[in-house]
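K.L.:
Mind having a look at this structure? Questions to follow.
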Amino acid sequence: MSAPSTALFAIKAFVSALRISTNGINEGSDKHRETYRLFHAILIWDIILERPKHGKILNLYQKETLADLSTAYFLTLICVYKPARLSLRSAIENCVRVLLLHEGVDIEPIKSVHGLFDLANASASMSATQKFRISTLHGIYGELCKTVHSVAINYMSLEIPFQSISKYDTQRSNSNLKNLRDTLRLINSCFYRSFYREIDTLSPRNQDAVLDALPRAIKKEITELK
């Protein structure tokens, strides 16, 4: 066994020389363009949700949702797939917290993630379509949980720190990007349903970017509400 000082020197040398794989990034790929288009809309929602009127706790969970989504996106791009899935799972949890806080629900007593989803499903003020979107997020969340709880090879990391932590894998990259896109699309729709009245306060360019990232169904739903 190496002495600690020797081992730490070797670790420092490894980290200093570390090269991250970016083979998964293809600027001409439709899936990458679509992923960024959806992510860009999430960045714009932050302009609305950071406003003091929504309350400090909602602001914090919104920031954490954005941070988790950003981390999941970044780690997928540099081919660190398992931690990316864990960050995406955390983003879904925090998004549900934001939505419940907006409905005036006290989330402090909730000690489990399933409790958050149950609370959303039981909310009297939340529309059936919004509950369905949250339920769909719950399905993605359950799939992401297999990263932690499953021994199936598809959910393992298989990359060893101090040997290799970033290695491009087509199947894993595509799977992560699909989960990320599906989650971004649903979160955009959930935010639009809850905060659509504030869209007009954005600049025309930002309004267009948000609306362009939304499915037709949620646009129709909001049109019928107005």
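K.L.:
Among the residues of the range 125-136, what is the count of those that are open to solvent by 30 Å² or more (accessible area, probe 1.4 Å), over 19 Å from D68 (Cβ atoms) and assigned to a helix (DSSP H, G or I)?
P.N.:
Final tally of qualifying residues: 5.
K.L.:
If I44 satisfies all but one of (1) under 30 Å from G104 (Cβ atoms); (2) open to solvent by 60 Å² or more (accessible area, probe 1.4 Å), what's the number of the condition it fails?
P.N.:
Of the numbered conditions (1) under 30 Å from G104 (Cβ atoms); (2) open to solvent by 60 Å² or more (accessible area, probe 1.4 Å), the odd one out for I44 is (2).
K.L.:
Kindly establish whether S87 is under 30 Å from L18 (Cβ atoms), hydroxyl-bearing (S, T, Y) and in contact with a helix residue (DSSP H, G or I) (Cβ under 8 Å, 6 or more places away or on another chain).
P.N.:
yes
K.L.:
Among what's in the range 97-124 and is in contact with an Asp or Glu (Cβ under 8 Å, 6 or more places away or on another chain) and over 18 Å from F195 (Cβ atoms), pick the residue that is least open to solvent (accessible area, probe 1.4 Å).
P.N.:
Looking at the filtered set, the residue picked out is L116.
K.L.:
In the range 47-96, what residues are open to solvent by 10 Å² or more (accessible area, probe 1.4 Å), of a type in the set (G, A, S) and assigned to a helix (DSSP H, G or I)?
P.N.:
Hits for the range 47-96 are A67, S70, S87, S90.
K.L.:
Now a separate question. With the structure loaded, tell me whether L38 is closer than 28 Å to Q171 by Cα, touching a Leu at 6+ places or on another chain (Cβ under 8 Å), free of Cβ contacts under 8 Å to residues at least 24 places away in the same chain and part of a helix (DSSP H, G or I) or whether it fails that test.
P.N.:
No: the conditions fail for L38.
K.L.:
Whether any residue in the range 144-159 is crowded, with 18+ Cβ neighbours inside 10 Å, assigned to a helix (DSSP H, G or I) and at pLDDT 95 or above is what I want to check.
P.N.:
No, because not a single residue in the range 144-159 is crowded, with 18+ Cβ neighbours inside 10 Å, assigned to a helix (DSSP H, G or I) and at pLDDT 95 or above.
K.L.:
For the range 20-39, which positions are at pLDDT 80 or above, open to solvent by 70 Å² or more (accessible area, probe 1.4 Å) and not hydrophobic (A, V, I, L, M, F, W, C)?
P.N.:
The answer is T22, N23, D30, R33, Y36, R37.
K.L.:
Among the residues of the range 121-136, count how many are under 19 Å from L184 (Cα atoms) and not polar (S, T, N, Q).
P.N.:
Residues that pass the stated criteria total 4.
K.L.:
Mind counting the residues in the range 191-205 that are surrounded by 11 or more Cβ atoms within 10 Å (Cβ to Cβ) and outside any helix (DSSP H, G or I)?
P.N.:
Number of matching residues: 1.
K.L.:
What are the pairs with Cβ atoms under 8 angstrom where one residue, in the range 188-211, is within 15 Å of D46 (Cβ to Cβ) and the other, located anywhere, is of a type in the set (G, A, S)? Sequence gap at least six, or different chains.
P.N.:
Between residues of the range 188-211 that are within 15 Å of D46 (Cβ to Cβ) and residues that are of a type in the set (G, A, S), the close pairs are N188/A41; N188/A213; A209/A41; V210/A41.
The values are calculated or read from the model by the stated rules, or taken from the named source; none is laboratory data. Here the structure is a predicted model, which is why all the values come from computation and not from measurement. Neighbour counts run over all protein chains shown; Cβ positions are idealised from the backbone, glycine included. Protein only, heavy atoms only, side chains kept; ligands, DNA and RNA dropped before computing areas. Shrake-Rupley method; radii C 1.70, N 1.55, O 1.52, S 1.80 Å.
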